[in-house]
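Input: a single structure, listed below in structure tokens.
Derivation of every value follows stated rules applied to the coordinates shown; laboratory data play no part. Fair warning: this is a prediction, and the values are worked out from it, not measured in the lab. Here the Cβ positions follow ideal geometry from the backbone for every residue, glycine too, while neighbour counts run over all protein chains shown.
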Amino acid sequence: MKKYNLKTKALSIICIVFNIIVISILVTNTDVANAQSKILNQNLGTNKTINTVNIILVHGLWADGSSWSKVIPILQKEGHRVISVQLPLHSLKDDVATVKRAIDFIGGPVILVGHSYGGMVISNAAYNNSNVKGLVYIAALAPKEGQSVSNILPPFSEKFEGKPLLMKDNGGFVYLNPSLFHDLFAQDVNSSQANTMAVVQKPANLSGIVNEKSGPPAWKQLPTWYQISDNDRAMSPALEHQFAKQINATTISLPSSHASLISHSHEIAQLILDAAKRVMK
């Protein structure tokens, strides 16, 4: 009988220890999951307060998502979740689909911000999308329905300052000549950074993109903001003024190159933040 009691006590002790181990594992796993979730949210800029809006940044031709590298930290510091998309630049249709996926992923409410050709993309991606609350155009295209890049802009020159302007790979995708990048695209950005921008640029299926017609524009449905680059050499400042007026945008002008999101990042970020505050009122 005494041996039986000892065995029973031993089994009880084993059960208690086992339960303690299981509980410890569950608690640890919960803590790890919570920590991982916190890190993910921080990486997406989710120090989110009640009245914040999510922000999706859309680059233009001969650029990539890193174009927004100086703007992103400012937006995140104010508690906004931010995504800087990477457009495939194979077709307008594919680029619009990429932004729509980003909208679905990050959730509403959302502000879309487009630079250059990115303005054409956001005009289409936001149409009839209830998650999108505002559009911000940074020296960007804002076409009417049925317009294409070739309708809006003059034909691309073959040369600039005596050098070939565009360089085509064996798949027909086009780069902006890196040796011209600083003087044409980003003359107010330091040469080292402009060289990096030229290196990371994504080539575009230009022959397809320039002839694709834009659909019904979201700027007819939503509040808009527009930044004009007064010293733009890649797109006419007069055309930018025309777009700003056409979409009835709250407008600012900066003494900037086409790469205003790099050379005037604080002013660009502030315009986006002003738009975010406005749409959340």
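Key figures for this structure:
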| quantity | calculated |
| --- | --- |
| Length added when fully stretched, K213-S253, from 0.36 nm per residue minus Cα-Cα | 11.6 nm |
| Formal net charge of residues neighbouring I272 (Cβ-Cβ distance under 14 Å; K, R +1; D, E -1) | +3 |
| Computed E for N190/M280 - FRET, C-beta separation, R0 25 angstrom, nearest 0.05 | 0.10 |
| Contour minus Cα-Cα distance for R101 and N128 (0.36 nm per residue) | 8.3 nm |
| Inter-centroid distance (Cα atoms) of region 136-150 relative to region 216-275, Å | 12 Å |
| R0 of 25 Å, Cβ-Cβ distance E161-K245: FRET efficiency to nearest 0.05 | 0.20 |
| Inter-site label distance for D183 and H90 at 7 Å from Cα along Cβ, in nm | 3.6 nm |
